[in-house]
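To start, the structure under review is shown below, and the notes come after it.
We did not get these values from a lab; they are worked out from the coordinates using the rules stated. Nothing here was measured: the structure is a model prediction, and the numbers come from that model. All Cβ positions, glycine included, derive from the backbone under ideal geometry; neighbour counts span all protein chains shown.
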2 protein chains.
Amino acid sequence: MSRIAVLITDMFEDVEYTRPAAAFREAGHELVHVGLSAGETVHGKKEQTPVTIDRAASDVTPEDFDALFIPGGYSPDKLRAHDEPVEFVRRFVESGRPVFAICHAPQLLINAQVLRGRKITGWKSVAQDIRNAGAEYIDREVVIDGNLVSSRQPEDIPAFVGASLDMLARTGGGKARPAAPQSR
Amino acid sequence: MSRIAVLITDMFEDVEYTRPAAAFREAGHELVHVGLSAGETVHGKKEQTPVTIDRAASDVTPEDFDALFIPGGYSPDKLRAHDEPVEFVRRFVESGRPVFAICHAPQLLINAQVLRGRKITGWKSVAQDIRNAGAEYIDREVVIDGNLVSSRQPEDIPAFVGASLDMLARTGGGKARPAAPQSR
């Protein structure tokens with residue numbers, strides 16, 4: 001079982017959170033909602049799905065988790081206006097732990113300046129931003145590059161969830177990190 | 001009097017449309033709302049301000065107007081998922097006619113690939129995207145570079161409107177274009 005940080009704030013794309021979240025939980029993984037302020041309730045942009053933030057981004061480190069999941073919608077653009085979530089994402093990607101990004105989530109990776117030389121997909125409106133950040137944009141339902149799993153849109157969710165669960169299984173609950181039990 | 005194209009769709013930042021629009025009209029300028037489909041009504045993201053689209057972006061050319069105004073919010077990101085508004089913006093900037101961009105509006109300029117070497121400001125979340133597009137991001141209430149006037153956020157609207165009206169006055173209703181009466 002993995003402990004997955006879900007980086008989220010208001011205006012997320014509801015199904016890009018609810019469906020992967022349900023699948024991750026069903027597979028036995030734990031979700032910890034990381035946002036701007038612990039205790040606040042944020043909402044999706046279409047169905048106003050409520051999500052309570054467990055931990056502030058300023059209060060967590062990648063070492064607290066096995067993987068990072070970033071839903072899309074306008075949540076990533078709102079989060080990247082703040083330094084703490086951007087820094088958390090930068091450190092997470094650099095830690096080598098799995099990162100699952102869908103739709104507008106690459107906006108956070110762009111501001112974290114971790115995309116140079118990577119292969120990634122995302123919502124078509126951010127394709128040019130992705131290329132300008134030095135990454136290769138691939139128009140495919142799911143792209144896997146190292147620790148990074150990405151998808152474009154709600155229609156891609158089954159492939160996105162499948163690839164993410166596969167990566168969690170391969171890394172043994174995110175234990176691909178240096179002190180990984182299977183590498184001892 | 002100038003004929004100003006307002007490039008807009010759903011989820012625009014209400015005051016970034018309503019206040020400049022009121023000021024432009026008060027100064028005697030005409031607004032033509034350009035969007036994805038003529039006849040549709042789009043709405044702002046906070047106050048649901050309704051705006052009826054006069055012309056589809058696919059149906060207009062820069063030669064139909066004296067200036068272009070792009071309000072912020074999530075409208076620019078929604079528009080840039082379509083080729084026609086992006087192409088309209090590209091041709092508008094290249095025409096040399098005045099372009100007024102606030103908040104997230106630079107997202108359309110990025111996709112139009114017209115920012116290399118330009119000086120511009122915008123909402124802080126898009127600053128990295130602006131730099132990655134080859135422009136210089138300047139954190140100031142209004143930035144004027146050639147035919148491009150830009151501002152960051154609602155608080156900047158008075159400076160944004162002032163600089164935009166000044167440019168319209170200087171260009172004689174956008175008639176700085178090649179066939180300009182004052183250059184005959």
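Taken residue by residue and averaged, Cβ atoms of other chains lying within 10 Å of the Cβ of A:72-81 number 3. Placing +1 on the Cβ of every Lys and Arg and -1 on the Cβ of every Asp and Glu, with no other charges, gives the protein assembly as shown a dipole of roughly 980 debye about its Cα centre. Couplings 3J(HN,Hα) for region A:74-86, derived from phi with the Karplus relation 6.51 cos²θ - 1.76 cosθ + 1.60 (θ = phi - 60°), are 8, 4, x, 5, 5, 5, 6, 7, 10, 5, 5, x, 5 Hz, where x marks Gly and Pro. Once the Kirkwood radius over Cα pairs is known for region A:126-168, the Stokes-Einstein relation at 4 °C and 1.567 mPa s delivers a diffusion coefficient of 118 µm²/s. With a Förster radius of 25 Å applied to the C-beta separation of A:Asp139 and B:Glu155, the computed FRET efficiency comes to 0.05. Counting, for every residue in A:127-133, the Cβ atoms of other protein chains within 10 Å of its Cβ and taking the mean gives 6. A simple charge model with +1 on the Cβ of Lys and Arg, -1 on the Cβ of Asp and Glu and nothing else charged puts the dipole of region A:3-165 at about 420 debye relative to its Cα centre.
Gain on full extension, evaluated as 0.36 nm per residue between A:Glu87 and A:Thr49 minus their Cα-Cα distance, stands at 11.0 nm. Peptide B:28-40 is shielded by partner chain Cβ atoms: per residue, an average of 0 of them sit within 10 Å of its Cβ. The 3J(HN,Hα) values that the Karplus relation (6.51, -1.76, 1.60; θ = phi - 60°) gives for region B:32-42 are, in residue order, 10, 8, 10, x, 7, 9, 4, x, 6, 10, 10 Hz. Gly and Pro appear as x.
Farthest towards the positive end of the charge dipole of the protein assembly as shown, among the residues A:Gln113, B:Ala5, B:Pro62, is the Cα of A:Gln113, using unit charges on the Cβ of Lys, Arg, Asp and Glu. Mind scanning B:Lys46/B:Lys124; A:Lys45/B:Lys124; A:Lys124/B:Lys124 and naming the pairs with a C-alpha gap bigger than 30 Å? Result: no pair exceeds 30 Å. Show log10 I(q)/I(0) for region B:3-175 at q = 0.11, 0.14 Å⁻¹, two decimals, from a solvent-free Debye sum over equal Cα scatterers. Calculated log10 I(q)/I(0) at the listed q: -0.36, -0.61. With both labels modelled 7 Å from their Cα along Cα-to-Cβ, the A:Glu40 to A:Arg131 distance reads 3.5 nm. Length available on full extension from A:Ala169 to A:Arg25: 0.36 nm per residue minus the Cα-Cα distance, which gives 50.5 nm. Between A:Gln113 and B:Met1, the FRET efficiency from the beta-carbon distance, with R0 = 45 Å, is close to 0.45.
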